[in-house]
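Reviewing the structure listed below.
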Amino acid sequence: MDGEQLTEQETALYDRQIRVWGADAQRRLSKSHILVFGMKGTVAEFCKNIVLAGVGSLTLVDDQAVTEDALSANFLISPDENVYAGKTLAELCCDSLREFNPMVRVSVEKGDLSSFGGDFFDKFDVVVVSCCTLATKKLINEKCRKLSKRVAFYTVDCRDSCGEIFVDLQKYIYTKKKNDETSECELQYPSFQESISVPWRMLPRKMSKLYFAMRVLEKFEEAEGRNPGEISIEDLLAVLKLKKELCEAQSLNESHIPNALLERLVMGRTEFPPVCAIIGGILGQEVIKAISGKGDPLKNFFFFDAMDGKGMIEDIAPPNL
């Protein structure tokens, strides 16, 4: 990959980016293949960013039909019903993304992502999943980890005015520049399963409250057989009951998961477009870092809450990592 040169057309189109991160990083981007599942508003922002950055190819998976919720946050979907009649979310987003950058190959794959074999994921350098069940996140992450090559894995979720990103780069080596000196750094990432299995009592006292709240919702949806977002205010009492049970089991003070925060997340069926733009922008930057091997990557959770305007990085890993 490193030996292949950028074409004159690529050099001209990506001139500004090349000035920022160099021709080598752009060359890596131009040869990268990215898979995305779940075409929500946050993912639409992410896809726009990486298509404009000039990745080699982008494959979209989402067989769902257009809904009012999708229209409210996904700017890639035309409001014209004649355009989206009979098309899946992935197909509609694919049509729009191709117009952003004709040099990027954007395609659609149909089917249930969790049923795809390892050989399917082996075709990609980066896998991003959104709005997946807890079981699907774990399954896809493990499939990526079993491949002979390193595949960067990300989960991203946006509920109401809050967002979460999880990153697994496995064993990741990158270059870091400081005071005109370049050094090689190495990071070891845990899987999603390993991260969320760390006992809550072992986590820092100032841990993001959003981390705990997201885990409560995941557990609730799993227990009730719901997909992400298929909860409403009618479920709030049951969610608060589960929170109490989990806090007791994990020896965590209930104040670490404010009821008001859980209520916002339960009621927030639709994404908040400005938060989609922020989370999608951060995710785009992180994927570009992972592909180019330049810059300190995020390890391994990122949280954002528009209520206080803060973004927080949390490194959640077993003691041996």
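The values are calculated or read from the model by the stated rules, or taken from the named source; none is laboratory data. Being a predicted model, the structure only gives us computed values, none of them experimental. Heads up, the Cβs are rebuilt from the backbone with ideal geometry, glycines too, and the neighbour counts pull from every protein chain shown. Remember, those area values only see protein heavy atoms, side chains included, never the ligands or the DNA or RNA. Shrake-Rupley method; radii C 1.70, N 1.55, O 1.52, S 1.80 Å.
May I ask you to give the solvent-accessible area per residue for segment 73-195, in square angstrom, as obtained with a 1.4 angstrom probe? List each step's numbers first, then the result.
On the way: 5710 Å² over 123 residues.
Ligands and nucleic acids excluded, the result is 46 Å² per residue.
Sort Glu234, Glu263, Glu91 by heavy-atom solvent-accessible area, probe 1.4 angstrom, most to least. Show your work: numbers first, answer last.
On the way: Glu234 145, Glu263 75, Glu91 50 Å².
Highest to lowest solvent-accessible surface, that is Glu234, Glu263, Glu91.
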Report task. Take Thr133, Thr59 and sort them by solvent-accessible surface of the protein heavy atoms, 1.4 Å probe, largest at the top. Result -> Thr133, Thr59
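Would you mind telling me the antiparallel percentage of the DSSP bridges in the chain, rounded to 5? All intermediate terms of the calculation are to be shown ahead of the outcome.
Values: 25 of 45 bridges.
Once the DSSP bridges in the chain are tallied, antiparallel ones form about 55 percent.
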Requested in this report: Would you look at the GNM of the chain, springs on alpha carbons closer than 10 Å, and say which of Ala213, Ala65, Ala73 moves the most?
Outcome: Ala65
**Report entry** Residue list for segment 84-102, given a label point 7 angstrom along the Cα-to-Cβ vector of Leu71 and an amide N cut-off under 16 Å
**Finding:** 84-89, 92-93
Requested in this report: Measure off, as a whole percent, the carbon and sulfur share of the 1.4 Å-probe accessible area of the chain, all protein chains present.
Outcome: 49
Query raised in the report: Hey, what do the phi angles of segment 208-218 turn into as Karplus ³J(HN,Hα) couplings, whole Hz, using 6.51/-1.76/1.60 and θ = phi - 60°, x for Gly and Pro?
Result: 4, 5, 5, 4, 5, 4, 5, 5, 4, 5, 4
Report task. Could you tell me how many degrees, from 0 to 90 and to the nearest 10, lie between the Cα long axis of helix 273-292 and the main elongation axis, the longest principal axis, of the Cα atoms of the chain? Result -> 50
Query raised in the report: Out of Met307, Met202, Met267, any idea which swings most in a Gaussian network model of the chain, alpha carbons joined below 10 Å?
Result: Met307
Query raised in the report: Does segment 197-267 come out rounded, prolate or oblate by the C-alpha gyration tensor, with a ≥ b ≥ c the root eigenvalues, rounded set by a/c under 1.5 and, if not, prolate when a/b is larger than b/c and oblate if not?
Result: prolate
Query raised in the report: So which aspartates and glutamates pass the test for Lys178, namely a Cα distance under 18 Å, with those fewer than 8 places away in the same chain ruled out?
Result: Glu186, Asp296
Query raised in the report: Can you list the HN-Hα couplings for segment 298-309, worked out from phi with the Karplus curve (6.51, -1.76, 1.60; θ = phi - 60°), rounded to whole Hz and with x for Gly and Pro?
Result: 6, 9, 10, 10, 10, 10, 9, 10, 5, 5, 10, x
Report summary line: Out of Thr270, Thr11, Thr155, a Gaussian network model of the chain with alpha-carbon springs under 10 Å gives the largest mean-square fluctuation to Thr11
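How charged is the neighbourhood of Asn141? Take every other residue with its Cβ under 12 Å from the Cβ of Asn141, and add Lys/Arg as +1 and Asp/Glu as -1.
Working: positive: Lys137, Lys138, Lys143, Arg145, Lys146; negative: Glu142, Asp168, Glu194.
Its environment carries a net charge of +2.
Using a probe radius of 1.4 Å on heavy atoms only, what accessible surface per residue do you get for segment 197-267? Whole Å² is fine.
Values: 3800 Å² over 71 residues.
Accessible area per residue, segment 197-267: 54 Å².
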Query raised in the report: Given H placed 1.01 Å from N in the peptide plane, which residues other than close sequence neighbours of Ile316 have an amide H under 5 Å from its amide H?
Result: Asn300, Phe301
Query - Lys40 accessible area, 1.4 Å probe, all protein chains in place, Å² to nearest 10 - result: 60
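Beyond 33 Å, what share of the Cα-Cα pairs of the chain is found? Please give it as a whole percent. The partial results should precede the final answer.
Values: 12895 of 51360 pairs.
Percent of Cα pairs beyond 33 Å in the chain: 25.
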Query raised in the report: Which ³J(HN,Hα) values in Hz, rounded to whole numbers, follow from the phi angles of segment 128-139 under the Karplus curve 6.51 cos²θ - 1.76 cosθ + 1.60, where θ = phi - 60° and Gly and Pro get x?
Result: 10, 10, 9, 6, 9, 5, 4, 4, 5, 4, 4, 5
**Report entry** Residue-averaged [θ]222 nm for the chain, counting only DSSP H segments that reach four residues, each worth -39500 (n - 2.57)
**Finding:** -12500 deg cm²/dmol
**Report entry** 13 Å reach of a label modelled at Cys185, 7 Å along Cα-to-Cβ, counting backbone N of segment 275-294
**Finding:** 289-290, 293-294
**Report entry** Under 5 Å, built H, 5+ apart or other chain: amide partners of Val106
**Finding:** Leu58
Report summary line: Excluding residues fewer than 8 positions from Lys310 in its own chain, the lysines with Cα under 20 Å of it are Lys206, Lys209, Lys299
Report task. Could you please state, rounded to a whole Å, how far the C-alpha centre of segment 250-292 is from the C-alpha centre of segment 1-76? Result -> 22
